[in-house]
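Every number here is computed from the coordinates shown, using simple stated rules; none is lab data. Because the structure is a prediction, the values reported are computed rather than measured. Cβ sites come from the backbone with ideal geometry, for glycine too, and all protein chains shown count toward neighbours.
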Amino acid sequence: MKKILALALAAGLALTGGTFAQAPNFDDPAEFARQKEFLTATPMGPEGMPWEQYLVETMKDTAAFKKNGPYTVCFSNAGVNNPWRVVGWTNMQEEVKLHPEIGELIHVDAEGSDDKQIADIDDLLAGGKCSVLIVSPNTTAALTPAVEKACAVLPVIIFDRGVNTDCPVTFIHPVGGYGFGIQGAQFIADNVKAGGNVLMLRILPGVDVLETRYSGGKHVLEDAGLNIVGAEFTDGDNAKTKSIVEDYLARGKIDAIWMDAGATAVAAVEAFEDGGYDMPVFVGEDQQDFLQKWKELGLTAIAPAYPSYQWRTPIIAAVRTLKGEAVPSPEWILPQPAITQATLDSFINTDMPPLHYALCGCEGMANYPAAWGGK
């Protein structure tokens with residue numbers, strides 16, 4: 001742990017939030033090294049509850065925020081505009097039900113718009129009802145001033161994506177984008193010989209956690225002597241993903257597919273199936289359709305995760321803050337596991353929707369599986 005803390009200091013301003021503001025080029029060697037260490041660190045906190053665990057034991061005294069309940073928790077959400085965020089938002093609502101101290105949860109959806117989210121935060125502050133404000137920022141730089149304005153009025157908790165200020169009580173996130181990129185790329189390096197061809201599939205440019213996934217993965221693949229034949233944006237669209245893969249297959253052999261997010265992983269697999277090609281090594285994610293496809297076809301695969309159980313943690317942090325209890329800060333770094341062949345069966349659940357994210361940490365909650373669309 002001392003080594004990790006030293007790396008954290010060396011990283012300086014490496015993360016998107018708190019005192020660690022993301023380097024603009026998304027290619028920070030110190031942060032790469034820091035996250036690589038975190039992937040194998042032993043978490044602190046309650047066993048079997050990764051949404052309450054933490055990897056760095058620096059705590060913030062929140063006595064100044066202590067107040068009597070019931071609490072009104074306000075949540076400014078970047079959006080509920082993809083399956084991962086739908087699963088996460090369900091997690092958060094169900095977590096609220098576990099805390100009788102919370103009288104009301106006020107949720108505003110920015111619908112993927114910086115301008116709307118800034119206006120949403122202004123409206124929440126003007127309403128004067130919020131005991132605490134949770135923010136999942138749409139983008140880092142644009143939301144920083146709004147968060148700083150809120151910090152002057154009430155305790156603020158950031159999660160998922162960061163901001164460039166250290167004013168929030170804490171910034172909650174799993175290990176990070178470099179870690180995700182490393183996990184998948186190292187699996188490819190371990191299973192494909194040097195000189196093999198790798199196609200990197202990306203979703204969108206300019207999002208911090210996606211850029212660092214790509215940067216981290218690219219470094220590992222290049223260091224392993226693998227040939228990156230392309231890095232293409234899919235826009236998260238199944239038809240476009242399949243078309244891109246088919247185009248590259250027409251040009252030559254592909255030994256591995258690396259993805260910065262796996263919602264369209266099955267479409268990529270189907271491009272190989274439909275064309276009768278040998279299956280490559282695959283990096284997907286923890287959504288059910290990919291996990292089930294992996295097992296069905298006997299793929300050589302791994303599923304790094306950006307665990308949706310992190311949506312439970314801001315509610316826990318909010319309640320602790322308002323009770324004056326210490327919380328990990330300036331970052332609450334959660335463990336970030338990957339699903340491997342050894343653990344695959346334990347995460348497959350055919351009763352859940354195809355794009356349900358397996359690392360939801362929700363199986364023990366009262367309304368599981370119905371609240372998440374399961375049967």
*Which Cα, out of Leu210, Ala263, Val281, lies furthest along the positive dipole direction of segment 177-304 (beta carbon charges, K/R +1, D/E -1)?*
Val281
*asked:* Give me the three principal axis extents of segment 177-304 from the C-alpha atoms, as integers in angstrom, largest value leading.
replied: 32, 29, 26
*Please work out how much length the chain gains when fully extended from Asn349 to Glu273, using 0.36 nm per residue of separation minus the C-alpha to C-alpha distance, in nm with one decimal.*
25.0 nm
*Any lysines with Cα under 25 Å of the Lys323 Cα? List them, leaving off those in the same chain fewer than 8 positions away.*
Lys60, Lys66, Lys67, Lys97, Lys129, Lys149
_Could you tell me which residue out of Gly162, Ile118, Ala150 lies farthest along the dipole of segment 91-166 toward its positive end? Charges go on the beta carbon: Lys and Arg +1, Asp and Glu -1, centred on the Cα centre._
Ala150
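For segment 271-375, state which chymotrypsin sites (Phe, Trp or Tyr not before Pro) are in a DSSP loop and have at most 16 other beta carbons lying within 10 Å of their beta carbon.
Values: sites: Phe272, Tyr277, Phe282, Phe290, Trp294, Tyr309, Trp311, Trp332, Phe347, Tyr357, Trp372; in loops: Tyr277.
In loop regions of segment 271-375 (DSSP not H, G, I, E or B), the sparsely surrounded chymotrypsin sites (Phe, Trp or Tyr not before Pro) are Tyr277.
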*asked:* Explain nothing, just the number: dipole magnitude of the chain about its Cα centre with +1 on each Lys and Arg Cβ and -1 on each Asp and Glu Cβ, in debye rounded to the nearest 20.
replied: 700
*Which of the lysines could a cross-linker span from Lys240 if the Cα-Cα distance has to be under 27 Å and same-chain partners fewer than 8 positions apart are dropped?*
Lys218, Lys253, Lys293, Lys295
*Do any trypsin sites (Lys or Arg not before Pro) in segment 24-81 lie in a loop, going by DSSP, with at most 14 other beta-carbon atoms within 10 Å of their beta carbon, and if so which?*
Lys66, Lys67
*Quick one: which residues, 5+ away or cross-chain, put their amide H under 5 Å from the amide H of Gly230? H built at 1.01 Å from N.*
Met200
_Of the candidates Ala64, Ala326, Ala78, which one comes out as most mobile in a Gaussian network treatment of the chain with C-alpha springs shorter than 10 Å?_
Ala64
_Cβ-based charge dipole, the chain, positive-most Cα from Ala231, Leu334, Val108_ = Leu334
*Where the Cα atoms of segment 230-375 are projected onto their three principal axes, how long is each span, largest first, in whole Å?*
61, 35, 27
*To one decimal place, what Kirkwood hydrodynamic radius in Å is obtained for the chain from all pairs of distinct Cα atoms?*
21.1
_Within segment 335-375, backbone nitrogen closer than 13 Å to the virtual label 7 Å beyond the Cα of Asn191 toward Cβ_ = 339-344
*Could you calculate the contour length gain from Gln341 to Lys129, that is, 0.36 nm times the residue separation minus the distance between their Cα atoms, to one decimal place in nm?*
71.5 nm
*Is any helix in the chain, taking whole DSSP H runs, at least 15 angstrom long along its axis by alpha carbon and on average at least -0.5 on the Kyte-Doolittle scale, and which ones?*
114-127, 140-151, 177-191, 265-275
_Residue with peak Gaussian network fluctuation, the chain [Cα springs, cutoff 10 Å], from Thr313, Thr264, Thr58_ = Thr58
*Under the rule of -39500 (n - 2.57) per DSSP H run of 4 or more residues, summed and divided by the residues of the chain, what mean residue ellipticity at 222 nm is obtained, to the nearest 500 deg cm²/dmol?*
-11500 deg cm²/dmol
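Could you compute the FRET efficiency for Lys295 and Ala30, with r as their C-beta to C-beta distance and R0 at 41 Å, rounded to 0.05? Walk me through the numbers before you get to the answer.
Details: r = 38 Å, r/R0 = 0.93.
Calculated transfer efficiency: 0.60.
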